[in-house]
Amino acid sequence: MASPFGLNGLVFGTNDSAAVFAALDAAGVPVEPPLQFSRPVELPDGAHDATFRIVRLKQAVPPAGVQHGGRLFFCHHFNRDLVWRDEWRHHANGVIGVIRAVIAARDPAGLGDLFARMFGSDAVRRSAAGCTLLLGLSQFDVVTRDALTVQFGPAAASAEGRDTFMAALTLRTRSLDQAAAALQVPGAQRRADRIVVPATSAFGVTLEFRP
């Protein structure tokens with residue numbers, strides 16, 4: 001509750017949380033031991049317990065470590081059929097996936113180095129604006145706050161005194177027309193190739209919709 005409004009958690013999927021913990025620990029990544037828990041899921045045939053095991057990165061405290069602007073962790077689903085259900089994966093805005101998450105940082109290189117230890121240096125691309133972690137069909141862009149402003153202008157999220165913060169999500173939609181019809185929010189901007197919802201209208205995180 002004390003955290004600023006906005007995006008404060010990004011999750012990687014895994015089918016072997018024990019191996020993830022062992023690999024990250026061996027690579028010198030500050031990581032918590034696996035934590036297992038469950039929660040009830042109500043289905044037409046009654047309640048079921050969905051069980052998860054997560055491996056969390058420790059919250060780094062400068063100057064000893066790298067800030068990652070929120071919570072980064074891996075999640076191991078033991079019964080995916082209870083959670084990843086087709087009837088819950090259709091949305092009025094037409095969204096079918098996450099293209100990227102954007103983290104704004106005073107020093108993007110620090111997070112780039114952390115991601116390289118986690119996933120290998122070949123998964124990280126460096127640029128003048130920051131760096132990009134490429135994973136599956138998604139990516140994580142770590143950019144300077146100036147570069148964030150260049151991308152989103154007045155729609156960009158505010159730092160609110162933070163050196164590093166999770167700033168934006170780019171979502172893939174089946175149709176920009178469908179997304180526009182569903183997004184009845186102040187300040188949403190429709191362009192030829194995207195719709196941008198300003199952070200002030202989305203609880204502190206900029207939302208970008210692309211086909």
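Annotations
- Spin-label model, Ala22 to Gln184: label points 7 Å out along the Cα-to-beta-carbon direction sit 5.4 nm apart.
- Projected onto planes of every orientation and averaged, the convex hull of the alpha-carbon atoms in segment 1-97 covers 8.6 nm².
- DSSP beta bridges fully contained in the chain are about 75 percent antiparallel.
- Chymotrypsin sites (Phe, Trp or Tyr not before Pro), loop per DSSP, at most 15 other Cβ atoms within 10 Å - longest free stretch of the chain: 85-202
- Loop sites by DSSP among the trypsin sites (Lys or Arg not before Pro) of the chain, restricted to those with at most 10 other Cβ atoms within 10 angstrom, leave 90-190 as the longest stretch without any of them.
- Binned Cα-Cα distance frequencies in segment 6-60 - 5 Å width, integer %: 4, 16, 21, 20, 15, 11, 7, 4, 2, 0
- Taking only Cα atoms of segment 111-179, radius of gyration then Dmax in Å: 13.9, 41
- Most to least accessible of His48, His77 (protein chains only, probe 1.4 Å): His48, His77
- Solvent-accessible area, 1.4 Å probe, carbon plus sulfur percent, for segment 86-211: 52
- GNM result for the chain, Cα springs below 10 Å: residue of Val29, Val142, Val41 fluctuating most strongly: Val41
- Solvent-accessible area per residue for the chain (1.4 angstrom probe, square angstrom): 54
- Net charge of Cβ neighbours under 11 Å - reference Asn15; Lys, Arg +1; Asp, Glu -1: +1
- With 5 Å bins beginning at zero, the pair-distance distribution over Cα atoms of segment 44-127 amounts to 3, 10, 15, 17, 15, 14, 13, 8, 4, 2, 0 %.
- For the chain, the Kirkwood estimate of the hydrodynamic radius, built from every pair of different alpha carbons, is 18.6 Å.
The values are calculated or read from the model by the stated rules, or taken from the named source; none is laboratory data. Here the structure is a predicted model, which means the values were calculated and not measured. No Cβ is skipped: glycine too gets one built from the backbone with ideal geometry, and neighbour counts run over all protein chains shown. Protein only, heavy atoms only, side chains kept; ligands, DNA and RNA dropped before computing areas. Shrake-Rupley method; radii C 1.70, N 1.55, O 1.52, S 1.80 Å.
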